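A short write-up of the structure that comes next.
The values are calculated or read from the model by the stated rules, or taken from the named source; none is laboratory data. Please read all numbers here as calculations on a predicted model, not as lab measurements. Note: ideal-geometry Cβ built from the backbone for every residue, glycine included; neighbour counts use all protein chains shown. Surface accessibility is based on the protein's heavy atoms, side chains included, excluding ligands, DNA and RNA. Shrake-Rupley method; radii C 1.70, N 1.55, O 1.52, S 1.80 Å.
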Amino acid sequence: SNLATSTPVPVTSKGVNKVLVLAGILLLISLSAWGFQLKNGLIVTDMSNSFSWGLYIATFAFFVGIAAGGLIVSSSVYLFNLENLKPFTKIASLSAFACTLGAGAMILPDMGRVDRVFYMILHPNISSPLVWDMIVIASYLVVTFLSVYMQLLPDWKRDGRGFLNGWTKKCSFEEVEEFSKRWSRRVAIIGLPFAVLIHTVTALLFATQASRSYWNTASLPPDFIAAAVASGTALVMVISILAVGKDRFNQYQDAFRTLATIVAGALVVHFFLISVDLIIHAWWGGAEGQELFYILFDRYGLLYGIEILLPAFTMIFFFTSKGKSSRNALLFGSLLLFIGIFAHRLMLMYPSFNMIPLN
């Protein structure tokens, strides 16, 4: 098979309608909460000068990671010809595009006043990592959109509908199919380095803050990428499992096994980098290291335990045949991973902002 003729993943309209209803409810709740914040000010977030980043930036980093991981999966399928994953490339690109939108949306409530975003556009400070991140995310949004658009062209041509595809009316289905295949691969060549770049810049946004010693480590960018590959691949796998349904799960089981192995392998790299960083803090940290370990293992011990234990369980579980053999096992392991990775993003904030420099 090739990319254009890969078996499409069937999605029931009933399942889509349920997801849309749930999404609509969550959107209304979110807009109501944002309206409350706009009325009463950022004071309702309990953030302060000494603890200036919180849930918004943690969620931003979480979505950026999943977005990067989704496009890494999609691009890798095209570039490395991973035959059994080809039916899921559209899902991977769509999840990357949606999560990029989610990441960008998180910046707006964190700024307090939405109009301030125009100052970054009109008067950008090129030396600021925030401007780097804005440029990379905007570019990444374009790349993920192009990835989705190119892959969906044959489907739109076949169904006689779609978005921005009027030019295909004069083309045969075979011509559109060939165009989609050729340009999807070209976008993948751009998309893979962009996926790595978006999370590298996000990590540098943390690592370049001189007053936060917990972030000042060269292992932060590769760790961000490893966690992104794990969580992004897991999201693609979860959406794909739900899309194919119980009846067709066995048809795609080899693909799900491959995705689970990718998740587990990325987590190995993630835990290696975490371990190296903790060893260095313990060896050279002195009083500062003791304070860090108190915050990690005592003050926020429960949350740090969630950050470490849940992804560790998923990593070990997905390396076993039992962890990759059933639909429920893959969904359960992925859910634990999402909780653990989100806790990991939260724990970027708490240790750093609780270690207040005195000079």
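Observations on the structure shown:
- Under Karplus coefficients 6.51, -1.76 and 1.60, residue-wise ³J(HN,Hα) of the range 243-251 in Hz, glycine/proline x: 5, 6, x, 5, 5, 9, 4, 4, 4
- Taking only protein heavy atoms and a 1.4 Å probe, the accessible area of the chain is 68% carbon and sulfur.
- Residue with peak Gaussian network fluctuation, the chain [Cα springs, cutoff 10 Å], from A33, A226, A329: A33
- For the chain, radius of gyration divided by Kirkwood radius, i.e. Rg to Rh on alpha-carbons: 0.98
- Placing unit charges on the Cβ atoms of the charged side chains and taking the dipole of the chain about its Cα centre, the candidate lying farthest along the positive direction among S75, I339, F249 is F249.
- Zone of W283's modelled label, taken as backbone nitrogen in the range 207-228 under 15 Å from a point 7 Å along Cα→Cβ: 218-219
- Candidate residues E177, E288: accessible-area rank, largest first, probe 1.4 Å: E288, E177
- Only helices enter this figure: runs of n ≥ 4 DSSP H residues, each worth -39500 (n - 2.57), summed and divided by the residues of the chain, yield -25500 deg cm²/dmol at 222 nm to the nearest 500.
- Gyration tensor (alpha-carbon) shape descriptor, the range 186-247, a/c threshold 1.5: oblate
- Unit charges on C-beta of K, R, D, E only; dipole of the range 173-212, Debye: 340
- Once the Cβ-Cβ distance of F297 and L164 is raised to the sixth power relative to R0 = 45 Å, the FRET efficiency obtained is 0.30.
- Summing Cβ point charges (Lys, Arg +1; Asp, Glu -1) relative to the Cα centre of the chain gives a dipole of roughly 1120 debye.
- You can think of it this way: the chain between K322 and L101 has 76.0 nm of extra reach, that is 0.36 nm per residue less the Cα-Cα gap.
- Lys/Arg +1, Asp/Glu -1 at C-beta; the chain dipole; positive extreme among P311, F173, I225: F173
- Solvent exposure, largest accessible area first (probe 1.4 Å, DNA, RNA and ligands not counted), of F271, F63, F118: F118, F63, F271
- Choice from W284, W215, W183 with maximal GNM fluctuation in the chain (Cα, 10 Å cutoff): W284
- Karplus-derived 3J(HN,Hα), 6.51/-1.76/1.60, for each residue of the range 102-112, Hz, glycine and proline x: x, 5, x, 5, 5, 5, 5, x, 5, 6, x
- Couplings for the range 122-136, taken from phi via the Karplus curve 6.51 cos²θ - 1.76 cosθ + 1.60 with θ = phi - 60°, read 7, 10, x, 9, 4, 6, 8, x, 4, 5, 4, 5, 4, 5, 5 Hz in order; Gly and Pro are left as x.
- FRET efficiency estimate (nearest 0.05) - Cβ-Cβ, F313 to D254, R0 30 angstrom: 0.80
- Rounded to 0.05, the FRET efficiency of the S275 and L335 pair, given R0 = 25 Å and the Cβ-Cβ distance, is 0.55.
- The charge dipole of the range 73-221, taken about the Cα centre with unit charges on the Cβ atoms of Lys, Arg (+1) and Asp, Glu (-1), comes to about 180 debye, rounded to the nearest 20.
- Loop-exposed trypsin sites (Lys or Arg not before Pro) per DSSP, neighbour cap 12 Cβ within 10 angstrom, longest uninterrupted part of the chain: 247-359
- The residues of the range 23-128 expose on average 51 square angstrom of accessible surface per residue, using a 1.4 Å probe on protein heavy atoms.
- Most to least accessible of H270, H281, H123 (protein chains only, probe 1.4 Å): H123, H281, H270
- Between I189 and T261, the contour length at 0.36 nm per residue exceeds the Cα-Cα span by 23.6 nm.
- On Cα atoms only, tilt of 253-284 relative to the major axis of the chain in degrees: 20
- Residue of I126, I198, I308 that the Gaussian network model of the chain assigns the largest fluctuation, springs spanning Cα pairs under 10 Å: I126
- Pairs of lysine residues in the chain that meet both criteria, 8 or more places apart or on different chains and Cα atoms under 17 Å apart, total 9.
- A dipole drawn for the chain from +1 and -1 charges on Cβ atoms has a positive end, and of T144, P87, L26 the residue lying farthest that way is P87.
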